[in-house]
Structures are given as structure tokens and as C-alpha cells.
Amino acid sequence: MNPRRDPVAHAVLLLGAILFVAPLWLVLVGSTQNPAVIAAGGLSFIPGDEGFSAYARVLNGPVPRMLLISLGMALAIAIGKIFISVLSAFAIAFFRFPCRQVAFWLIFITLMLPVEVRIIPTYSVMSDLGLINTFTGLWLPLIASATATLLFRQVFVAIPDELVEAARMDGAGPLRFLWDIVLPVSAANIAALFVILFIYGWNQYLWPLLVATNPRLDTIVIGIVKMVAVETETDWSAVMATATLALLPPVVVVVLMQRWFVAGLTEGEK
Amino acid sequence: MAILELAGLRKSFGAVDVLREINLSLASGEMLVIVGASGCGKSTLLRMVAGLETPSSGRILLDGRDITSEDPSARDIAMVFQNYALYPHMTVFDNMAYGLRIRGLSREDIARRVDEAAALLGLSELLGRKPRQLSGGQRQRVAMGRAIVRDPKLFLFDEPLSNLDATLRVRTRAEIRRLQRRLGVTSLYVTHDQVEAMTLGDRLLVLHQGQPAQLATPMEVFERPADTYVAGFIGAPAMNFLPAILTEAGTAARLEAGPLLHFIDGRRDGPDGRALTIGLRPEHIRVDPNGVSLRIDLVEPLGSETLVHGRLAAPGEAALVLRLAGKAPEGEVLNVVFPPEEIHVFDAGTGRRLP
């Protein structure tokens, strides 16, 4: 069918696009308007006359530091999760050891427990380890991932047995096999997961709020909330500018890894 | 001199015996083909030699060294897999070089060996390609190359031609044989295809339900099959089997269908009336107006010859297949005779050949 001749499909697409873009556009134009006007309810869809002054204001404050903290946390969570899940999935997929199925099911069961359920015990453990109010405390408890482990297990199980055996005949030991064969073959999946996990880490809110009370460890997400919380004198254009800045790193990651990301989610061929 | 020796090799998975008591010895440079229907244990046998499967009991000796419990990489054996098992992210060169790199060979040594093997296999132009950019036949050759560069004591082939189309299979079959002769490398070759078995092997091992049914040269297996299973498995179309009894003091067989066949190679043991199975290959049955009549139910012209399927009109109505030179015969009934010099005599109970 000629796509030009399908106005309904286009209308739906347009509506969807507007629904997704409108809030972003508001944030973007809001950051260029006068904070007093916004506070009075005058947020308009047209860029204001303040230009990028709000950005200058926030970039001279604690925002760069918050961005850095968020970036560090998101990277640590994404890389840590991939590291741990690749190793555990490798063990589950390729080795026979006692209680292998038990280990698999234990990991599987933790999928059913959301972070909130175990947040108090986790806090207590972190407290015992003396990691409250440290950067390590921000990311360490978040790097175990049942989802990623299961995903990698599926990817690894799909690697043909003959490939495993050929590597054994070629003399590759387990770690060498992991590094030379398994990781390159699963590269697209790893990249896809990296994007998802990076955004997951970047958007963490509850855990950083609990574990770090020191303002020097505020992530960008918490920073935005704190700026809004002071009800009477909220600098709305600064909030919008900060939100825009907070959007950028995930966008960069997605754009840079888009090719891999799509391949990893769609291609099944091994 | 024996390069590979298998002594009392057995394998069972739980209560199921997959392989029972395999004894085998391969001379240097010999190509032994293990053939059998799927599930007969032939792949398990190969995988045990490779070290990918642990035998339940028995020993494997390679060049006098006991390798039964050695790691696959330490065995000095290379294997060509059915699906080639090429590393998809590596170039042809890297695929062939990978095993050598792990063994710590020098860069120049690796390049020289890979180049030699590539030249031998006509892969020199393709060294920079990835497996997905190759045709099935080329992938197969890369898999061979990966084995050749290792310069192993023993080659293992696990149905390496089964993923190729018919034309390519015939060509590659001849190529493998030529290469194996030229390199003089001792080989074990597993297949379910009896044509591959006949053409490639110096000797055949026919496996049936985990047991060796016959170990002999291809022609001997064809001309003197050890039992009805081997007789039916090797040769296409399969051998015809007719029920009969021993008679005339062991010097002849009386077919249930009527005719009396005098043995030309001596008498068989046993009392008259012993139940026999007479085997006759489709190409050996002759058309003769004095023979028993056969009702034709299917004619398959193959061009140079014709396959005729039918049933004997005589008691038992045994099914027969004939292979006749030339065109299909006219009519619905054919008279056929069974030349005594071409018959195979088996015991009806055990299926074993009566010599």
C-alpha cells in the first residue's frame, strides 16, 4: 500500500508524536522564559526572551556536580550489572554444577521482588558496611540484576553447542571462551542492555534519596526535586534548564548506540 | 601400525546402553567410516574419541598414549562439525588461526600454516571474509581448513556433508577423499549416508543399536553382509528378503514362494526345515518367462534403469523390488527368477549370515 494514501495512520502517528514531544517542548521553551511569569501561570508554548540565561545560572551552581554524580552512578550500575549478570549467566548456561537449577530459580524468584520491598534490609546492610553517604553506596546494591542474568542466559543458551565444542577442541579454556567467543557473539545484546541499564541507573530516585543525605552526593534527579520543593520561590526556568540538561546524557547514549541497540533487540541470527 | 585403538568402549546414559563394547583399531593413514541409522550411537562414539563425551568404560589409545580421560584440546585430534561451527564474528583467517594462537604458535608460523591450508582448499581469496559472507560449500572448506592447520594425528568428521545440496555433496565427497589421501591423515568419518560410506571408507564399521554389526571393507560389506540389518542398510534400493527353509540335506533352500535354490558355495548347517531368510539384491533378480509371476504395483523409471515394485503371486505374497536395465516392462505381470549364485543366506531367527 502507498503510505501517502493512508491519512488515518498519519493522524495516529502525528497524535502520538505530539503526545510524546509536547512535554519535552514545554520543558525546552520553559527554560527560556522568565521564572516570575511561569510562577504566575504564564508558561507559554513559544520560546521566551530570556535566552540561555537560565542555563548559565544552573551551570554555575551545583548542577554540573550532580550531572557527574548521576553519570558515575548510571555507568557504575550499567557496567556492574552487565559484569555480574554475564558471569552468572555464563555459569548457569555453560556449566553443570550441583544445585544449578536451584541457583537459576533463586535468581528467577528475585525478579518478583521489586526494589522497594527489600529497600529497608538493603539500607541496613549498607549501614553495617559503613556505606551510607558514600558514592559506592549509591550504586553497589543496585548492580545485582535478575532480569539481565535471565536475558544473558537466553542469549548464551542460543549459542550452538557445536560452537562451544569447537572452542574446546581448539583448546580455549572457560574464560578464554567467554572473552573470545561468547562476548563478541553477544555484543549486540550487551549494547542493548547497556542502554536500558544506563537509563535505569540515571533515573534512580528512591535509593539515592535514602542512602545519601549529603548534598554533595545529590544526583541530578534528586537535585531537580529539591529545586521544586521550595514552593514559594521556585526558579522554574532553572528547573526546566536542569531538566533539559538531565535529559541529554541518556539521549546521547541512545543515539550513539542506536545501531547496536536495535540490532540487539531484533536480530536473532547467531 | 595402529594409530587409534578403542578397547572395550562402552557408553550408557542412565539405564540406556548407547554403545556396547566397541573394539577398533585404525592403521596410520586409514579412513574408517562409521555408518548407521540415526540413534545407533555413531555420533556418541565419535564424540568420545574427541573427548566431548566421557566413556562409561573402556580405553582410547592414540599413538600408544591413553587419552581416555584427557581434555579434548590435549588430544591432538581435530574435528569437522556437521554445522561447521565457525566462529561467526571472526574472519576465515582468524577462524583457522584461533586454535594455533591458543597453542601459542608464533605469528609467522600461524600465517604460514593458514596460507598453506587456504591454498590447498582454494580459500586464499576468502581469508578476509566473515562466515556469513560464504556459501555452504565454502564454509565447509573453512571447517576443513581449521582442522588441517592443526596438523593433528587424527581427523574426525561428523556428517560434514549433510548440510550441502546434492550436487555439491558429490563434489565435496570426492574432494575430502582426495585431500585425506594426499595428507595421509588418519580419519574417522561418521555418516548415515551409505553412498558416502561406500565411497569414502577404506573400511566401514556398521553400527546397529549401539553394537558393531560388521567391520570390513566397503566391497566386503556389500558382497558378504554379516546379517540382515547390514544387508538391508547398505545398497539402494535395499536388498529383498524372502522366507525359505533349508532342504536337500543342507544344500538348497526352498523359497516359500516355490522355487528351489541350490547353494553353489557349499552346504549350510542345520536340519532340513531350518527357517532361513534369503537375500537378493534388486539388480540380481532376472526376468524369465519360466519364473514365478510378480504382480507389478509401481514402476519408477530412472532413465538408465527402472525400479519395479511388485508382489509375488505365490504364497506369502512377498514384496519385491527389481532393478532392470533400460525401459519399464509392459504389462501388469512379470515372471522372475532368482539366480542361485547371487543369493545371500541368513538364519531367519538371528538374522546372521550363514557362510
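No lab work stands behind these numbers, since they all come straight from the coordinates. Quantities reported herein were computed from a predicted structural model and do not represent experimental measurements. Please note: Cβ atoms are built from the backbone with ideal geometry, for glycine as well, and neighbour counts cover all protein chains shown.
So here's what we get for this one:
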| quantity | calculated |
| --- | --- |
| Approximate shape of the stretch A:87-173 as ellipsoid semi-axes (Cα gyration tensor, √5λ), whole Å, largest first | 34, 15, 11 |
| Beta bridge orientation in the protein assembly as shown: antiparallel %, DSSP, nearest 5 | 75 |
| Within a Gaussian network of chain B (alpha carbon springs, distance under 10 Å), most fluctuating of B:A15, B:A249, B:A117 | B:A15 |
| Per-residue Cβ neighbour rank within 10 angstrom, fewest leading, B:T68, B:T44 | B:T68, B:T44 |
| Residue order, fewest to most surrounding Cβ atoms within 10 angstrom, among B:E196, B:E125, B:E300 | B:E125, B:E300, B:E196 |
| At 1.002 mPa s and 20 °C, Stokes D of the stretch A:127-270 from Kirkwood alpha-carbon radius, µm² per second | 116 |
| Dipole magnitude (debye, nearest 20) for the protein assembly as shown, charges at Cβ of Lys, Arg, Asp, Glu | 960 |
| Dipole axis of the stretch B:79-216 (+1 Lys, Arg; -1 Asp, Glu on Cβ), positive-most option in B:L183, B:G136, B:A216 | B:L183 |
| Neighbouring partner chain Cβ atoms per residue of B:90-99, average, 10 Å criterion | 2 |
| More than 45 Å apart - percent of Cα-Cα pairs taken over the protein assembly as shown | 47 |
| Per-residue mean of C-beta atoms belonging to partner chains within 10 Å, peptide A:156-165 | 4 |
| Given 16 as the ceiling on other Cβ atoms within 10 Å, longest exposed-site-free region of chain A for chymotrypsin sites (Phe, Trp or Tyr not before Pro) in DSSP loops | A:96-204 |
| Ellipticity estimate at 222 nm from DSSP helix runs (n ≥ 4, -39,500 (n - 2.57)) divided over the protein assembly as shown, nearest 500 | -13000 deg cm²/dmol |
| Rh (Kirkwood; distinct C-alpha pairs) - the stretch B:237-347, Å | 14.3 |
| Proximal lysines relative to B:K11, as straight alpha-carbon distance under 23 Å, when same-chain residues fewer than 8 apart are discounted | B:K42 |
| Derived scalar couplings ³J(HN,Hα) [the stretch B:162-175; Karplus, 6.51 cos²θ - 1.76 cosθ + 1.60; whole Hz; x for Gly, Pro] | 6, 9, 9, 6, 4, 5, 5, 5, 4, 5, 5, 4, 5, 5 |
| Likely footprinting exposure, B:R323, B:R150, fewest C-beta neighbours within 10 Å first | B:R323, B:R150 |
| Neighbour net charge for B:A318 - beta-carbon separation under 12 angstrom, K R +1, D E -1 | 0 |
| Positive-end extreme of charge dipole, the protein assembly as shown - chosen from A:Y200, B:A2, B:Y229 (charges on Cβ) | A:Y200 |
| DSSP bridge pairs, chain B: antiparallel proportion in percent, nearest 5 | 75 |
| Electrostatic dipole magnitude of the stretch B:2-232 [Cβ: Lys, Arg +1; Asp, Glu -1; Cα centre; debye, to 20] | 580 |
| Magnitude of the charge dipole, chain A, Cβ model with Lys/Arg +1 and Asp/Glu -1, debye to 20 | 360 |
| Extent along principal axes [Cα atoms of the stretch B:2-232; Å; largest to smallest] | 51, 39, 31 |
| Of A:P47, A:V58, B:P315, farthest towards positive along the dipole that unit charges on Lys, Arg, Asp, Glu beta carbons give the protein assembly as shown | A:V58 |
